[in-house]
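The values are calculated or read from the model by the stated rules, or taken from the named source; none is laboratory data. These figures come from a predicted structure and were not determined experimentally. Reconstructed Cβ throughout: ideal geometry from the backbone, glycine too, with neighbour counts over all protein chains shown.
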Amino acid sequence: MKLVSKKFWRLVSLVPMLSVAILAALGLANSKRANELALAGLRPGHDKIVAPQKTFRELDRDESATDALLWGDVCTHRELRVELDANKVVQTVTVDNNYKPEIMAKCRPVVMAPSRLKLLATGHGLQLGDLCDRVAEIYGKPESESPSVRGSEQLELSLYSFDWAGAGVPQVLEVSCDAWSKKVVTITLGASTL
């Protein structure tokens, strides 16, 4: 009986140590969760755009947008949309591949240099046209996924909430993927709920 009692107490004394090790491992896994701070080099909730014509001078500004700042590339259909609050603080940044102004210019085969494409990426390097699998590789499993439609396009929408990372980061990332090609077509990063 004495031998059994010693083994039991050794086992019982291991339980707290194992619990600490498991909790530490879980904490380490949670600390490596990816959150997003920026899209197109802008931090929603932090950055101000006082002189928009200088911020993205490489892109043509579409003056017809009245509720937001809008830049676009007519040849690649890339669009950057920035919504500001009354103090000119960025609230929402969206990059999209749906920019199609009424009058299309004749375009050379390669018109957007890689340096310009990088302007439209997230802080972790996610860009329009990336495979949708890359989204989960960077940010993990989304809080929600749902089908969506844009015109005749069937989309798959993934929503990530970063409230776990604290108040100093944008709170929501929304990524839309084309259901057929499985490529990213829209990325939105917002300082608050979208």
- Query: For the subset of the stretch 125-167 comprising residues that are closer than 23 Å to GLU83 by Cα and among the polar types (S, T, N, Q), which member is surrounded by the most Cβ atoms within 10 Å (Cβ to Cβ)?
  - Reply: SER158
- Can you name the residue in the stretch 49-90 that is touching a helix residue (DSSP H, G or I) at 6+ places or on another chain (Cβ under 8 Å) and of a type in the set (Asp, Glu) and is also modelled with the lowest pLDDT among such residues? GLU58
- Item | Residues of the stretch 146-167 satisfying the condition of being part of a strand (DSSP E or B) and of a type outside the set (Gly, Ala, Ser) | PRO147, VAL149, ARG150, GLU153, GLN154, LEU155, GLU156, LEU157, LEU159, TYR160
- Is there a residue being surrounded by 20 or more Cβ atoms within 10 Å (Cβ to Cβ), in a strand (DSSP E or B), in contact (Cβ under 8 Å) with a residue 40 or more places away in the chain and among the polar types (S, T, N, Q) anywhere in the stretch 168-191? yes
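Okay, residues lined up against (1) on the phi > 0 side of the Ramachandran plot; (2) at pLDDT below 85; (3) surrounded by 18 or more Cβ atoms within 10 Å (Cβ to Cβ); (4) touching a Pro at 6+ places or on another chain (Cβ under 9 Å):
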| position | (1), (2), (3), (4) |
| --- | --- |
| GLY41 | yes, no, no, no |
| PRO44 | no, no, yes, yes |
| THR92 | no, no, yes, yes |
| PRO101 | no, yes, no, no |
